[in-house]
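Heads up, the thing below is written out as structure tokens.
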Amino acid sequence: MRLKDKVAIVTGASSDIGKGVAKRFVEEGAKVILIARNLEGLEKARKEIGNEKSTASMSCDLTNESQVMQTVAQIISTYGKIDILVNNAGAINDPVHFHEMTDTEIKKLIDINLFGVFHMTKSVLKKMSDDKKGVIINIGSISSERAIPKVHVAAYSATKSAITIF
């Protein structure tokens, strides 16, 4: 149990990747806080993970910095620490040419895929710095490194590329 007594946050935890990460962390002994906007989806993920004692669900809109700060403060108040943050939450656009996307569609990707990562990271860094320990994992995408022929996700790729160097 490599993660015994560790406290981990996994964003986008109601998705397949987030749920898989959370499940593996629980199997390794961690207490995992599952975060996403949809509480129903999180509760379903908790049941699928199968260890509800080692998981907790918290609804949070990662594009809202004050909500993220409040959520992280509540986690710290409850558990006293944060050992691991997995920035997994993300959004992808419909496969349309970049020049056909509206600014609103592009801004949505930037808000979730980039600012969501920034907000969570900023919120946990103070505690991790004070404790002089902690791990932050940003989940990116292979599309940030190369184009996928005939799949038009340039704006998505740009946001995922930005977090790979963060």
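What follows is calculated from the coordinates using simple rules that are stated; it is not laboratory data. All values reported here derive from a predicted model rather than from experimental measurement. All Cβ positions, glycine included, derive from the backbone under ideal geometry; neighbour counts span all protein chains shown.
Please list 3J(HN,Hα) in residue order for region 90-106, calculated via the Karplus relation 6.51 cos²θ - 1.76 cosθ + 1.60 where θ = phi - 60°; whole Hz, with x for glycine and proline.
After applying 6.51 cos²θ - 1.76 cosθ + 1.60, I find x, 9, 10, 8, 4, x, 10, 4, 3, 5, 9, 7, 7, 4, 4, 5, 5 Hz.
Can you list the lysines whose alpha carbon sits under 27 Å from that of K122, skipping same-chain ones fewer than 8 residues off?
Straight-distance partners of K122: K4, K6, K19, K23, K31, K81, K107, K108, K132, K133, K160.
Net charge within 15 Å of S54 by Cβ-Cβ distance, Lys/Arg positive one each and Asp/Glu negative one each, not counting S54 itself?
Net charge around S54: +3.
Relative to the longest principal Cα axis of the chain, at what angle does helix 154-164 sit, 0 to 90 degrees, rounded to 10?
40
At what distance in nm do the modelled label points of I110 and N38 sit from each other, each positioned 7 Å from its Cα along Cα→Cβ?
According to this spin-label approximation, the distance is 2.7 nm.
Taking every pair of Cα atoms in region 19-80, average 1/r, invert it to obtain the Kirkwood radius, and report Rg/Rh to two decimals.
Taking Rg over the Kirkwood Rh, I get 0.97.
So who's got an amide H within less than 5 Å of the one on H152, skipping anything under 5 residues away but keeping other chains? H placed 1.01 Å off N, in plane.
Those lying under 5 Å, H to H, from H152 are V96.
Could you give me the ³J(HN,Hα) list for region 52-68, computed from phi with Karplus coefficients 6.51, -1.76, 1.60 and θ = phi - 60°, whole Hz, x at Gly and Pro?
Working through the residues one at a time gives 5, 5, 9, 10, 9, 10, 9, 7, 7, 8, 5, 7, 9, 4, 5, 5, 5 Hz.
So how much slack lies between S129 and I17, counting 0.36 nm per residue of separation and subtracting their Cα-Cα distance, in nm? Please list the in-between numbers first.
Working: separation 112, 0.36 × 112 = 40.32 nm, distance 2.74 nm.
Roughly 37.6 nm would be gained on extension.
Give the Rg/Rh ratio for the chain, taking Rg as the radius of gyration of the Cα atoms and Rh as the Kirkwood radius, to two decimals.
0.99
Hey, for a label at I165 modelled as a point 7 Å past Cα toward Cβ, could you say which residues of region 111-140 have their backbone N under 20 Å away?
111-119, 121-122, 137-140
Quickly estimate the mean residue ellipticity at 222 nm for the chain, helices only: each DSSP H run with n ≥ 4 gives -39500 (n - 2.57), and the total goes over all residues, rounded to 500. It would help to have the intermediate numbers written out before the result.
Values: 6 runs with 73 residues, N = 166.
Computed ellipticity for the chain at 222 nm equals -13500 deg cm²/dmol.
Find, among the GluC sites (Glu not before Pro) in region 28-114, those assigned to loop by DSSP (not H, G, I, E, B) with at most 14 other beta-carbon atoms within 10 angstrom.
Working: sites: E28, E40, E43, E48, E52, E65, E100, E105; in loops: E28.
For GluC sites (Glu not before Pro) across region 28-114 that sit outside H, G, I, E and B with at most 14 neighbouring Cβ atoms in 10 Å, the list reads E28.
GNM, the chain, Cα, under 10 Å: largest mean-square fluctuation among M120, M128, M58?
So, out of M120, M128, M58, the one fluctuating most is M128.
Just flag the trypsin sites (Lys or Arg not before Pro) in region 1-78 sitting in loop per DSSP whose Cβ has no more than 14 other Cβ atoms within 10 Å. Intermediate values should be presented prior to the final figure.
Values: sites: R2, K4, K6, K19, K23, R24, K31, R37, K44, R46, K47, K53; in loops: R2, K4, K6, R37.
Sites meeting the loop and neighbour criteria: R2, K4.
Using modelled amide H (1.01 Å from N, peptide plane; none on Pro or chain starts), what sits under 5 Å from the amide H of S59, excluding residues fewer than 5 places away?
Amide H neighbours of S59, under 5 Å, 5+ apart: none.
Once you have the Cα-Cα distance between M1 and D94, take 0.36 nm times their residue separation minus that, and quote the gain in nm to one decimal. Walk me through the intermediate numbers first.
On the way: separation 93, 0.36 × 93 = 33.48 nm, distance 4.03 nm.
Full-extension gain reported as 29.5 nm.
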